[in-house]
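K.L.:
Structure provided below as structure tokens; questions to follow.
The values are calculated or read from the model by the stated rules, or taken from the named source; none is laboratory data. Being a predicted model, the structure only gives us computed values, none of them experimental. Here Cβ is always computed from backbone atoms with ideal geometry, including for glycine, and neighbour counts include all displayed protein chains. Please note that ligands, DNA and RNA were not included when accessible areas were found on the heavy atoms of the full protein model with its side chains. Shrake-Rupley method; radii C 1.70, N 1.55, O 1.52, S 1.80 Å.
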Amino acid sequence: MAGGGNAIRGSRVGAGPMGEAERGDAAPRQTVTYFCAREHRSVVPFSTEATIPESWDCPKCGLPASLDSDNPPPAPKIEPYKTHLAYVKERRSDKEAEDILDEALTLLRTRRKSGDIIF
Ligand SMILES: [Zn+2]
């Protein structure tokens, strides 16, 4: 049992920039606040040398967010929770792939035993 698989779940977004700031050797940063149609406020750190994009994908819901709090970009027709569905689907297909591989190996062994080797 190796365990530890759950460690990836936590967000690392805040850890990097903060750690760097504490060491004091990071490039100067500025934070930019983006607003999405669902009224999320996302503070995104940029290097002061970076070009600030006018829009940003909201990390909370995936909708496009803009710098203007009064005028966030309209939500696209595709529902954002589709990404969650896709994630679930992806996980399931991983399991399926495992099953398929298992099945293929079993089949291969069976074929070898019976002398019906295809490869
Ligand atoms: Zn949002």
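K.L.:
Have a look at L63, L105 and point out the one that is modelled with pLDDT of 90 or more and either surrounded by 11 or more Cβ atoms within 10 Å (Cβ to Cβ) or over 19 Å from E39 (Cβ atoms) (or both). Explain how you work it out, then say what you get.
P.N.:
Working: L105 fails: modelled with pLDDT of 90 or more.
On inspection, the qualifying residue turns out to be L63.
K.L.:
Let me ask you something else. Identify, please: which residue in the stretch 66-92 is outside any strand (DSSP E or B) and of a type in the set (S, T, Y) and is, among those, modelled with the lowest pLDDT? If you could, list the steps in order and put the result at the bottom.
P.N.:
Taking the stretch 66-92 as the starting set, the residues that turn out to be outside any strand (DSSP E or B) are 67-92.
Within this subset, residues satisfying the condition of being of a type in the set (S, T, Y) are 69, 81, 83, 87.
On the way: S69: 91, Y81: 57, T83: 67, Y87: 67.
Applying the filter and picking the extreme gives Y81.
K.L.:
Residue by residue through the stretch 44-60, note down the ones that are open to solvent by less than 40 Å² (accessible area, probe 1.4 Å) and within 12 Å of the ligand (Cβ to nearest atom).
P.N.:
The answer is C58, and nothing else.
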